[in-house]
Structures are given as C-alpha cells and as structure tokens.
1. Give the residues of region 446-495 that are open to solvent by 40 Å² or more (accessible area, probe 1.4 Å), assigned to a helix (DSSP H, G or I) and more than 24 Å from ASN343 (Cα to Cα), sorted by residue number.
2. Tell me, which residue of region 385-414 that is free of Cβ contacts under 8 Å to residues at least 40 places away in the same chain and under 23 Å from the mean Cα position of the chain (by Cα) is surrounded by the most Cβ atoms within 10 Å (Cβ to Cβ)?
3. Do you know which residues across region 292-324 are open to solvent by less than 10 Å² (accessible area, probe 1.4 Å) and within 26 Å of LEU342 (Cβ to Cβ)?
4. Do we have any residue at all in region 335-349 that's surrounded by fewer than 20 Cβ atoms within 10 Å (Cβ to Cβ) and of a type in the set (Gly, Ala, Ser)?
5. Residues of region 274-291 being over 11 Å from ASN343 (Cβ atoms) and either open to solvent by less than 20 Å² (accessible area, probe 1.4 Å) or of a type in the set (D, E, K, R) (or both), which ones?
6. Answer with yes or no whether ARG86 is in contact with a His (Cβ under 8 Å, 6 or more places away or on another chain) and either farther than 26 Å from CYS157 by Cα or at pLDDT below 80 (or both).
7. Could you tell me how many of the residues in region 309-325 are under 21 Å from ILE491 (Cα atoms) and in contact with a helix residue (DSSP H, G or I) (Cβ under 9 Å, 6 or more places away or on another chain)?
8. Tell me which residues, restricted to region 350-384, are of a type in the set (Lys, Arg) and surrounded by 12 or more Cβ atoms within 10 Å (Cβ to Cβ).
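The values are calculated or read from the model by the stated rules, or taken from the named source; none is laboratory data. Quick caveat: nothing in here was measured; it's all calculated off a predicted structure. Every residue, glycine among them, receives a Cβ derived from its backbone with ideal geometry; neighbour counts consider all protein chains shown. To get the accessible areas, we keep the full protein, side chains included, count just its heavy atoms, and leave off ligands, DNA and RNA. Shrake-Rupley method; radii C 1.70, N 1.55, O 1.52, S 1.80 Å.
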Amino acid sequence: LEMAIENLQKNEGITSHKSSLLNSHLQWLLDNYETAEGVSLPRSSLYNHYLRHCQEHKLDPVNAASFGKLIRSIFMGLRTRRLGTRGNSKYHYYGIRLKPESPLNRLQEDTQYMAMRQQPIHQKQRYRAAQKMDGMAESASNSTPHTTPEQSVAAQCQHHQQFIDVTHVFPEFPAPDLGNVLLQEGFTLNDVKTLQVLYRRHCEATLDVVMHLQFHYIEKLWQSFWSPKAPPSDGPTALPASEEEPEGTLPKDKLIILCKYEPILKWMRSCDHILYQALVEILIPDVLRPVPSTLTQAIRNFAKSLEGWLMNAMSEFPPQVVQTKVGVVSAFAQTLRRYTSLNHLAQAARAVLQNTSQINQMLSDLNRVDFANVQEQASWVCQCEEGMVQKLEQDFKLTLQQQSSLDQWASWLDNVVTQVLKHHEGSPSFPKAARQFLLKWSFYSSMVIRDLTLRSAASFGSFHLIRLLYDEYMFYLVEHRVAQATGETPIAVMGEFGDLTSLSPTVLDKDDIGELATEVDPERALGEPLVKRERSEPGYSLQDI
C-alpha cells in the first residue's frame, strides 16, 4: 500500500493529502483482487465493482481513467488486451483475477443469475436447443442481445478458470516394464517407444482441454486417438491449438495388438491414474472452497458423459482393454461426483455453522444425548477404546461450543484421522484399518442421530446436514491417507478398492440437501439452483424413506 501511494505521488504528481484519501480505495483493490497468469477481467466490470463499493461506503469515486492509474499503482506491470469479436470487443486487464474469498464472486454470480431470470422465455428456449454436453452453454442466456451464446460460454469459462488450478504441473509417466515378454513378428521396441510418445502427447492434450474447461472436445480427442479413421458424425470439428500432429504414427491395428500385451495395458493404466488424478486436482483443488453452481454442474455433466465417450471411441478394441480403460475412467467420474457433492454439502453447512442460535440449540440437544447408552450399544459392534470415544465426544462438544468455522472443523476431523490411524502407519494393515475406521465412525454417528431423532430434537435438521458433511469429508480424508500410505494416487485407490464407494454417505440428491438447508434456516439457505445428483438408481427423499 505504501509503495502504491509512493508511485502515485512520484509518477502522477498527487499530493500527500490526496493520496492519503485514496487509502481505502487502494485497500479495497488489495482485498479483492490478485495477480494471476493466464486470466483476465473486463475493465468495465472492475470499475462497476468499484463504483458499487464507493456507493455502499459513501466514498467519492474517481473517474475511470484515474481508476486505471490506481489499479496499475497496486498491480505493477498489468497489461491491457482487447478481447471479443469485431464490433463487440472490450478492453480487459490481463493477469488479474478476483480473490477466491472475495464477496465480489457471489455478487458476480448473482448478477448473472438475475440476468438469466430476466431473459424472455423464447430466448431461453432458443439457446437451450444449442446446448453443449459440458453444460456451459446454458448460461448463454446470461448474455446481452449483442453477444452470441458462444461468446458467453467463452466468457464464463474464463471466469470459472479462477476457481481451478491452472498452474498444476503434469507429472512424468513411468516407462513400461516389458520384462521377458516377446513381441510378435512385425513389432519392435521402436513401436513401444512411439506409443509412449503418442500417449503422453494425447494425455497432455486431454489435460490442456480440461484446464481450459472445454469439456466437449474430450469426445473428439478420444475418437481421434483410438479410432483415427472413424469419420466424425457431425462434420469436421476443430480441436484446440495445443493438440499437434505427432511426428510418428501408429496404425490402428498395431495399437490394438500392443494394448493386448499385459505389461503395456498395466503401464497405460498407471498413466491413466496419474492423468485423472491431475485432472481432479485441477478441477477441484479445494473441496471446501465455494465455487459457482454453473461450474459444478459443468463438471458433473462432464463426469456423466465420460464412460460413454470412451466406450464409443474404443468400440473396436478387445473387451479386456476396454474394461481396463473404462474402469479407471469410472473411478475418475465417481470421484468428480463425490467431490462436487462434498463441496455442495460444505456450502450448505456453512449457513448452519455461522448461525449462533442454531449452534446453541445443537449444543443443548447434544448435551441431552445419552452417550453412555450409545457407547454401550456401539462397543459390542465396534470394540473401540472407551477413552478414545469419550475424548472425541468432549472435543466435538468443545469445538461446537466455540462456534468454529468450517475450516476449523476440517482441521479437527483431520486430527481425528491422524490420532486413530497413527498406530497403523507404515503397516501393511493400514488400508484395512482405515476402512474399519470409516465403518466405526459411520456407526457411532448413526447412533447419535438415532438418539436425536427419538428425542425429537429441534436441531435434528442441522445435525443431519452436518453428519452428512462430516461423514463424506472423513471418507475424503481416509482415501487420501490410504493413497499416501500405499504410494498410489487416490484415483488408483478408488479403482482398487471399488467397494469403498458403497460406504459414501451421500445418499441424498442435491435437491434434498437444498430442501434440508432451507428447513434449517430459510434465510441463509443457498440461493442458487442446485444440480441434481446423477445416479443410476432412483433417488429417494426423506419423506419416502
């Protein structure tokens, strides 16, 4: 801040008195914006946010030109670009974005939602007919009459990129271990090396497409690699510029035969684990951080389409190869669905954890729970150490009494996992112990919920929502601990221990979660459209159960 004021005095000739009056203006910029490579914001949006800030705090705003000088005094070396089609282009500041925790994110999303609500019905229907599989095009109705749906999609992708990790470094792939396998006549080690290079480039192109949130390109990308001679069904489609023609080529028949070799198939599976784990960490770098509902829906629609896209692209490959590839993609899709559900639960739970009256009611109801009876019934099934259970009960009540934030609760849950599993660290039994802990945690929490239900606790809705979140977050923590202990990626762990997904406590549709949050506190419930959870089996509401 001092450096910015010094720059204004030196370069713009502003007096010390005037520069001191701009302190709050400069501080607002620092609080809400940060530098970031590869992203940009419209100049008009920044200035409109600034005018709103001045109006709310009864400040005298500077004009647009002077505001540009304020920004450049804070963010040195900021560049300006003119983006958009001819006649509709706008100036953007390149290399700056909203901070994730800035309240302006919610303002921007609410503005977009209201703009969509105010569109004529016939205009919405016209845009809906042109939707793409990635779910982004639905927001085209947010645009002005002078902006095409494609431009709106591109603008929203750019806005969403600040919520993902665009700086993620793609790890190297291991080399295939052929061992004593003899290649059949007509195949050489050069063919294997060519496959290595081509598959790495293919995975890099996949990562680049996802990083730019261009999910609809994945289907074409997979088709071009696994079925290069298959004619496109909807005419030629331009792929992103990052995908280049490889120097070497591998005929499809050779590719099919190479994939039949067990070492090659095993190597490709390991590469897929690395790729899809990287994609998860790019799309959802923090499962508890608030993200726009439109981005969540785009990710879920993407996950829903993955298996079908891959099976269509590999329709001419042997069943064993397809099964191996689809198995990893299925674990990837399931992880995206679970993490987006966890994220939505976290946002619904924030309203509860920030409400003092609800916390006091929860504490009052919890103190009436007969924990001695809970321990007596659970001990026969779980055989947990009584001292540990009592300590967790006391710590839970203390953390609740302190009205801890969601991040503080997350730290407490992480500490619980550490305490319980520390005796198994470095042991081959660690994965089994971790699974047993999940079962026991779920059993104990269900016993507490049962007691609250029988007592008709006033805060039952709050506890049910919190229980869903904490069980799901425990599942998330444990899978990462198991991955760390086994030296695998979480995607690989979920693929190997596929039955673990049955323990996931998210049994409610996201609409049910929204209804529950509304019952808990209608004024603080999420005000955005919820994304329905895609499931193969029908969902049931609490009333149906």
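1. The answer is ARG450, THR453, LEU454, ALA485, THR486.
2. Across region 385-414, the extreme among qualifying residues is TRP412.
3. PRO292, LEU295, ALA298, ILE299, ARG300, PHE302, ALA303, LEU306, LEU310
4. no
5. LEU275, TYR276, GLN277, ALA278, LEU279, VAL280, GLU281, ILE282
6. So ARG86 fails the test.
7. 8
8. Across region 350-384, the qualifying residue is only ARG350.
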